[in-house]
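A quick write-up on the structure given underneath.
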Amino acid sequence: SDVAQTEIRNHFIAGLQRDLASDDPLQNLAAIEALSIEAGLLDTHDQRTALYEEATLKAVRLGFASLADELSRKTQPGEAVAEQRATLAYRLKDYPAVFQLAQANPSNPQIGLVAALSAIDANDAAQVQQFTGRLKLDAETVLALIEQDAASRRWIVPAAVYQAASELTDEAQKVRVKRVLDLKRAASGEIAAPSPAAMAGIPDRLMSTRLALESLEGEGN
């Protein structure tokens, strides 16, 4: 009967909300798995989208990329969920998943940056061109891109990004740009390779970029 179905639905939702709110990852996982096999009980409930979004964010935070993808296919999550899925896919080096999310969210700058960094790692010049072309080339975006280019030794970041880098005026940022440009010129044979000590800051900057991406994941928790 309708009354019985409503009672079952309310009990199910209460359990989901309890498990998703818990600090225990096992309870979170119980809710995630329950929603992954849910087959219509919540279709008309006004909390359906919110529950699926929260469960997807928890799945990302716990590192369950396949479960996050499965939950996302059952609803239309917002951009916050897509950002965190892209960040997780980047950490897992699942670059096709990052590119797919970037194509589905073309105006999202965070996903666009993750996609550009992924394309550099994947040595895909066409994708680098595409995704950097969508980005606002502010200082931190430019520095993240050229330092990734230097660390990977790909040298596939477009000239427009390097032009933007050359126009930065902050002294600390100019030092970072010079490090990269010295490496780039050495790679092309224009100058002798810089000493390892001179390049020591690049790995630290890349780690800062990765930590910033990981902090984005934490915001969804």
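Below is a table of values for the structure above.
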read-out	value
Residues of region 7-20 satisfying the condition of being farther than 12 Å from Leu42 by Cβ and loosely packed, with under 14 Cβ neighbours inside 10 Å	Glu7, His11, Ala14, Arg18
Within region 85-135, helices (runs of 4 or more DSSP H) holding 3 or more residues that are more than 23 Å from Phe64 (Cβ to Cβ) and in contact with a helix residue (DSSP H, G or I) (Cβ under 6 Å, 6 or more places away or on another chain)	109-121, 125-132
Test result for Asp24, modelled with pLDDT of 90 or more and exposed (fewer than 12 other Cβ atoms within 10 Å of the Cβ)	yes
Residue within region 155-173 that is closer than 24 Å to Arg85 by Cβ and either of a type in the set (S, T, N, Q) or touching a residue at least 60 places away in the same chain (Cβ under 8 Å) (or both) present	no
Enumeration of residues in region 88-124 that are buried (at least 22 other Cβ atoms within 10 Å of the Cβ), small (Gly, Ala, Ser) and at pLDDT below 95	Ala89
Which numbered condition Arg179 misses (of (1) of a type outside the set (Gly, Ala, Ser); (2) modelled with pLDDT of 70 or more; (3) assigned to a helix (DSSP H, G or I); (4) surrounded by fewer than 18 Cβ atoms within 10 Å (Cβ to Cβ))	(4)
Any hit, region 202-214, residues being modelled with pLDDT under 95 and over 30 Å from Leu57 (Cα atoms)	yes
Selection count, region 30-63, where residues are of a type in the set (Asp, Glu) and in a helix (DSSP H, G or I)	3
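The values are calculated or read from the model by the stated rules, or taken from the named source; none is laboratory data. On a predicted model such as this, the values are computed, not experimentally measured, just so you know. Cβ atoms come from the backbone with ideal geometry, glycine included; neighbour counts cover every protein chain shown.
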